[in-house]
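Input: a single structure, listed below in structure tokens.
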Amino acid sequence: MKLTKVLMATSALTVGAGAAFADGHMASDMTIVSWGGAYQNSQLKAYVEPYLEANPDVNIVWDESSAEAVAKLRAMSETGNITWDLVDVEAADSMRLCDEGLAMEVDYDQLAEGNDGSSAEDDFGDSIVSDCFIPQIVFSTTVGYRSDMVGDTPPESICAIFDTEMYPGKRALNKRPLANMEWALLCDGVAKDDIYDVMATEEGQEQAFAKLDTIKDDVIWWTAAAETPQLLADGEIVMGSTYNGRLFSAIAEQDQPIGMLWDAQMLDFDGWVIPEDLPEDRLARVMDFLYFATDTQRLADQAAYISYGPARASSAPLVGKHAELGIEMAPHMPTDPANSKNVFVTQYDFWADYRDDLDAKFQAWLAN
Amino acid sequence: MAPTAADNAFVEFDRVQKSYDGETLVVKDLNLSMPRGEFLTMLGPSGSGKTTCLMMLAGFETATHGDIRIGGTSINHIPPHKRGIGMVFQNYALFPHMTVAENLAFPLEVRKLGKSEREAKVQRALDMVQMGKFGGRRPAQLSGGQQQRIALARALVFEPELVLMDEPLGALDKQLREHMQFEITRIAHNLGITTVYVTHDQTEALTMSDRVAVFDDGRIQQLAPPDELYEAPQNSFVAQFIGENNTLTGVIKSIDGGRCAVQLDSGEVIDAMPVNVSKPGERTKVSIRPERVEINKSRLSPDAHTLKAEVLEFIYMGDIFRTRLRVAGREDFIVKTRNAPDQVRLQPGTTIEIGWLPEDCRALDA
Amino acid sequence: MTDTTSQSGPMLAADGTPLKKSLHRAQRRQKVRALMLIAPLLLFILVTFIAPIFDMLLRSVENDIVPDTLPRTVVALQDWDNASGEAPDEETFRAFYTDFALAEEQKAHTRLGSRLNFEMSGISSVFRSTGRDVGKFDTDYYTDQFVDADEVYEDPVQWSEWMADDGVASALPQTADAYAGWVKVLNEEGDDPLDEDIPDFVYTALYHDLAAGANPPVLPSVDVSGWDDISLKEQFIDSNEDWADPDIWATIKAFSGPYTAGYFANSIDLQSTPEGFAQRDEDERIYIKLFIRTMVMSLAITGMCILLGYPIAYLLSHLPARKANLLMILVLLPFWTSLLVRTSAWKVLLQNQGVINDILVWIGIVSDDNRLALINNANGTIIAMTHILLPFMILPLFSVMKTINPSYVRAAKSMGANDWTAFWRVYFPNSVPGIGAGSILVFILSIGYYITPELVGGVDGVFISNRIAYHISSSLNWGLAAALGSILLVLVLGLYYVYDRVVGIDNVKLGG
């Protein structure tokens, strides 16, 4: 009885607000910040273009600054001149932005319900890693290898990275501790469930670095994810870590002699944050866009352009074929049951606490 | 020491040609022979080839054809630093990062002289140009005249037999320049060195040199002592280039030994001395020095040809009077007369008759 | 003339004013005009250069966030002995509760958590998790008790009147303080304190005031003697057991001042310990190493630029203008290509399976197993940076060489110097100002470069600037970045001073 009243009241409010917005209180310009490249293109195709079709008076400006989003948002906030409306960031960055008060806390009730009737919050589930984060995709950091350089025994386990006898040659790894340290401990015999507890201790960190020491001379450290596929294509490395979408594109789109592992993939999320203190009309436009762009269908559509999984549980069944290659995309999603037998879900709380410390130690380890 | 053949031809240019682009010759068939100890000036307008000749002698340019010899030895294949020639450059080329004494010591150092010997020579050279106290200064702290002296001292400090000077006084004001002209000749003669001096300033050439080579169009137009050059120019270029000169154009009417009659383009006939004209009908330029024109008819021989002249302008110049006349249709005829008590001062607008001794009027090539 | 000189007083101008004064006036007008001419530039430099540098210097020591966010805690912690091995007493936790609850209202607690997390890993999540709980502490018990005792305690308007009363405020110091803090936060957020419910922590403060025996006028009297005494220390520890860890409190106390030397200490591989700053473990030291590497490699790059640039500049300055211009375009080419194009080109050329290694193997200079490592290490950085910065060496060299009178060398030769002596003793010293200017440019630029080293430097080819960039853009530890930047600035100024001493700064010319 009471509940219905509340619901009716809120929906009346929403309708009222919507009407008010439709009255012209929504800004017509919107600056979206993303990563550029194939990923931004998938966003363009899956929801930005359809949204613009439905709202022809809206003008969207892209800014490909996601890599520097955290620092730029802080600078904007300090000068009090927020020029961005919506920013695509990795989950860990959303957490930092939220902590710093640079991103707005999201009311998930203002987003579309799942097509199965579940609330947006339930539909997104664990992918909501911070109060400011509106997830879009699940991606994973995983390992690709040069299929013509591994003989008859292509690697099946992540620990192939550390097996330089079986797989001699250079490896490419991300130049930051995340994923590398988890893998090092896993391959040094630590049980998967204990890894973050072990990593929180000095001894555990030393153990991870000691394991990494065994391959230190064989590693090329990358800072841009595009480097690994290129190094694989050039035959510079035998294997290397990168994002699963990059490997998909090298294998399926460019037909390179590359294979990939799903073992111990590090699942991670990417999504939107809204800068804190947006003017009302701009915020209204952003919320209107997000309601559309993060619904079940739109997120499923995105998978037709890039092999990253939709962050909504309800989108998974709707994932169809690649827009150009026509292949089924579901088996290439990190969340596909066949791929996710052994998965790490990045522990954001752990990394928020230990990122600065472990990064300093990691850099010192690299330099020594 | 008795003069030898090599002494009489200490520096020799033998049929030297120079081309930079392989199409035009900057120096055309240059022949020149200098005795030891001579002060020779290469004079000419810019682009006449004089500096090129100097640079070939110094070794910074190579002759396209012909031979350059010093003391009888061909130097065509000797690099500049082994020629042992002292040189003074247009802007002195004093090394700005060295003191005056270091500048002077430089040629001695590269010759590996001992320190004490070096210092003695440097001091002597500085004293010679009256700059004995300036050894510790930097070139930038010196005036133009002082820099000039240092440049001279530096060119002489290693006692070269031959010194080349490339318009060394060009940057100085008139008074300093005259003083330095005197200094340079004094030092050159005292040391008995052979000097080749390049300038485009004829006064400098006339006052300083034993002989002057007048350059034009890649050739030596005349090579002679200053007085001969002035008084007996061999062609109209030299006559024009050296000193002030009145030129009248006309045609040879008759020629008879040391005399010829020239019919000017305006119709009058005058007497002249044929220099490089040979037969009647030939076009000629006659040249008369302004100070050789006679305005007092009574001083001329009765049979001398005279010309009517209208006074256009009278300029009082102190020691002389300079009068501009209209003569034979030209308005740039200049007469210079000495400021003497009995000298008449011509009034503009009056008409007079002028004349000259036939030997002062040289009929040259047209 | 004789008039003025014979005068005993000051010289007068034509109009009778003292000459000095009128000269001064005339000059002042000129000075004002000159000042107006440079004013735009001055302002520009002030805004874009001086101000940011000051800002950076300030940030490297600034620590306002701790005393601003936790003002009551900082005061309470002064009496706490961090060697005691125990968390502070209940009273400190009461102060901390007020601070924390206020910070949570403003979402400032997570920012503070991130700040302190730079000093001690783990604080960030402690602050975050307690931020979620602090509104749900058992202290709503006090709220209920007061409201049950008298409903007027629920009325924000009434509260506002009470707190405006000096007698009440002085009788209830903790309550007044908590209420004032709350009003301040609401005002900043644009909310009206008369419309909002009084938060639990104000009632908690009221309880503690009353329990301490306060006897305020006006307020309806409430007997609190029988009420439960809720331990805030327990509340916090229930929320996150790490609040019992004295290390957290030691960290807060160590960084409780408005200024800190911590960032600078961190920049030179020191860490704060209870006994003061101490050197980090050897395997955690990095910044000094990077500073040294940055200096050494920048010098190497400068040296390479001199070696490669000098002959080219010499050639350029001796060519006729048209050919020189053409060559100059080639020299400037690196400026015109985008960084990404250049980087991919270097990779194609320099990597193990790259063009240069392929050629060397093909010629037989290098065996196939021992291909040269030319990229993703210090070599890569030096090669790439030399390429990028070469024009900065060539241009000043070229313009200085242009001004060296060619007759210097001729003069030297005429005096008997061979080619080498003439060059080394005469030409080279005169080109030193160009080398100086080029070296300063290249050196300073290479110290500040970080994108190229990041792309091609691998592990041992990255500079201190890469760490600065990381702290600016990734870890948001701007204080540390500012401290590193300040040290770099001081190092550069120091080198500049040494250069001035050794070579002389007059000996630097960009040409002319």
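The values are calculated or read from the model by the stated rules, or taken from the named source; none is laboratory data. Fair warning: this is a prediction, and the values are worked out from it, not measured in the lab. Because the Cβ atoms are built from the backbone with ideal geometry, glycine has one as well, and the counts that use them run over all protein chains shown. Ligands, DNA and RNA are stripped out before the accessible areas are found, and what is left, the full protein with its side chains, is counted by its heavy atoms. Shrake-Rupley method; radii C 1.70, N 1.55, O 1.52, S 1.80 Å.
Which log10 I(q)/I(0) values, to two decimals, does chain A give at q = 0.11, 0.13 Å⁻¹ under the Debye formula with one point per Cα?
Log10 of I(q)/I(0), two decimals: -0.80, -1.08.
How about chain A: what cysteines have no other cysteine beta carbon under 4.7 Å from their own?
None; all cysteines have another Cys Cβ under 4.7 Å.
With every protein chain kept in the model, how would you rank A:Asp107, C:Asp148 by accessible area, 1.4 Å probe, largest at the top?
Most to least solvent-accessible, the answer reads C:Asp148, A:Asp107.
Dividing the alpha-carbon radius of gyration of chain C by 2.2 N^0.38 Å (N being the number of residues), what value is obtained?
1.49
Between B:Arg283 and B:Ala340, take the C-beta separation as r, use R0 = 51 Å, and let me know the FRET efficiency to the nearest 0.05.
The calculated FRET efficiency here is 0.85.
Mind checking which helices in chain C clear 30 Å along their axis (Cα) and have mean Kyte-Doolittle hydropathy of 0.0 or more, DSSP H runs only?
Qualifying helices: C:19-45, C:287-318, C:378-402, C:478-502.
Based on DSSP H runs of at least 4 residues, each adding -39500 (n - 2.57), what is the mean residue ellipticity at 222 nm of chain B after dividing by all its residues, to the nearest 500 deg cm²/dmol?
-7000 deg cm²/dmol
Keeping every protein chain present and rolling a 1.4 Å probe, give me the accessible area per residue for segment C:233-316 in Å².
48 Å²
When every alpha-carbon pair in the protein assembly as shown is counted, what percent end up more than 56 Å apart?
I get 48 percent for the Cα pairs in the protein assembly as shown exceeding 56 Å.
Taking 31 Å as the cut-off for C-alpha to C-alpha distance, list the pairs among C:Lys289/C:Lys347; A:Lys72/C:Lys136; B:Lys50/B:Lys253; B:Lys133/C:Lys31; A:Lys72/C:Lys233 that go past it.
A:Lys72/C:Lys136; B:Lys50/B:Lys253; B:Lys133/C:Lys31; A:Lys72/C:Lys233
Would you rank C:Phe463, B:Phe314, C:Phe49 by solvent-accessible area, highest first, keeping every protein chain in place and using a 1.4 Å probe?
C:Phe49, B:Phe314, C:Phe463
Could you list the residues of segment C:464-483 with an amide nitrogen less than 19 Å from a label point located 7 Å from the Cα of C:Lys289 in the Cα-to-C-beta direction?
C:464-471
Do any chymotrypsin sites (Phe, Trp or Tyr not before Pro) in segment C:223-268 lie in a DSSP loop with no more than 10 other beta carbon atoms within 10 Å, and if so, which?
Of the chymotrypsin sites (Phe, Trp or Tyr not before Pro), not one in the loops of segment C:223-268 has a Cβ with at most 10 other Cβ atoms within 10 Å.
Give me the distance in nm between label points sitting 7 Å out from Cα along the Cα-to-Cβ direction at B:Thr73 and C:Glu282, one decimal.
Here the answer is 6.9 nm between the modelled labels.
Taking 51 Å as R0, compute the FRET efficiency from the Cβ-Cβ separation of C:Asn418 and C:Val355 and round it to 0.05.
That pair, C:Asn418 with C:Val355, gives E of 0.80.
How large, in percent, is the carbon and sulfur part of the accessible surface of the protein assembly as shown at a probe radius of 1.4 Å?
Exposed carbon and sulfur together represent 54 percent of the surface.
Can you compute the charge dipole magnitude of segment B:302-360 about its Cα centre, using +1 on each Lys and Arg Cβ and -1 on each Asp and Glu Cβ, nothing else charged? Give it in debye, rounded to the nearest 20.
For this selection, approximately 220 debye.
Between A:Asp63 and C:Ala211, how many nm apart are label points set 7 Å from Cα along the C-beta direction?
5.0 nm
Inverting the mean 1/r over all pairs of different Cα atoms, compute the Kirkwood radius of segment C:287-507 and quote it in Å.
Taking every pair of different Cα atoms in segment C:287-507, averaging 1/r and inverting gives 19.4 Å.
Can you quote the Å³ per residue value for the convex hull of the Cα atoms in chain B, rounded to an integer?
In chain B, the Cα convex hull volume per residue is 186 Å³.
Which residue, chosen from C:Ile288, C:Leu46, C:Ile252, occupies the Cα position most advanced towards the positive end of the dipole of chain C, where the dipole is computed from +1 (Lys, Arg) and -1 (Asp, Glu) charges on Cβ about the Cα centre?
C:Leu46
Which FRET efficiency value, to the nearest 0.05, is calculated for C:Asp155 and A:Glu280 with the Förster distance at 35 angstrom and r the Cβ-Cβ distance?
Efficiency, rounded to the nearest 0.05: 0.65.
Between chains A and C, what is the buried accessible area summed over both chains (1.4 Å probe, protein heavy atoms, nearest 100 Å²)?
Approximately 3400 Å², summed over both chains.
Just B:Asn246, B:Asn76, B:Asn339 to compare: in a GNM of chain B, with alpha carbon springs under 10 Å, which one fluctuates most?
Greatest mean-square fluctuation among the candidates belongs to B:Asn339.
Got a sec? Which residues in segment A:239-267 would a label at A:Glu156 touch, if it sits 7 Å along Cα→Cβ and we count backbone N under 17 Å?
Taking a point 7 Å out along Cα→Cβ of A:Glu156, the residues of segment A:239-267 whose backbone N falls under 17 Å are A:259-265.
Compute the separation of the alpha-carbon centres of segment C:138-196 and segment A:266-344 and state it in Å as a whole number.
Taking the Cα centre of each part, segment C:138-196 and segment A:266-344 sit 47 Å apart.
State the extension gain, in nm to one decimal, for the chain segment bounded by B:Asp265 and B:Glu159, taking 0.36 nm per residue of separation less the distance between their alpha-carbons.
Using 0.36 nm per residue and subtracting the Cα-Cα distance, I get 32.5 nm.
If you place +1 on the Cβ of every Lys and Arg and -1 on the Cβ of every Asp and Glu, how big does the dipole about the Cα centre of chain B come out, in debye to the nearest 20?
920 debye
When chain B is modelled as a GNM with alpha-carbon springs shorter than 10 Å, which of B:Ile220, B:Ile320, B:Ile193 fluctuates the most?
Largest GNM mean-square fluctuation: B:Ile320.
Using a 10 angstrom cutoff on alpha carbons, build the Gaussian network for chain B and name the most mobile of B:Met98, B:Met34, B:Met42.
Comparing B:Met98, B:Met34, B:Met42 in a Gaussian network model of chain B, the most mobile one is B:Met98.
Please give me, ordered by residue number, the GluC sites (Glu not before Pro) of segment A:40-143 that lie in loop per DSSP and have at most 15 other Cβ atoms within 10 Å.
Here the GluC sites (Glu not before Pro) that fit, given the DSSP loop and packing criteria, are A:Glu64, A:Glu105.
In segment C:1-110, which GluC sites (Glu not before Pro) fall in coil by DSSP and have 16 or fewer other Cβ atoms within 10 Å?
Sparse-neighbourhood loop GluC sites (Glu not before Pro): C:Glu86.
Rounded if a/c is under 1.5, else prolate if a/b is larger than b/c, else oblate: which is segment B:56-174, with a ≥ b ≥ c the root eigenvalues of its Cα gyration tensor?
Oblate.
How many nm is it between the label spots at C:Asn325 and C:Asp165, if each spot is 7 Å from the Cα in line with the beta carbon?
Result for the modelled spin labels: 9.0 nm.
What would the Debye equation give as log₁₀ I(q)/I(0) for segment C:260-418 at q = 0.19 Å⁻¹, counting only Cα atoms as equal point scatterers?
Once normalised to I(0) and log-transformed, intensities are -1.17.
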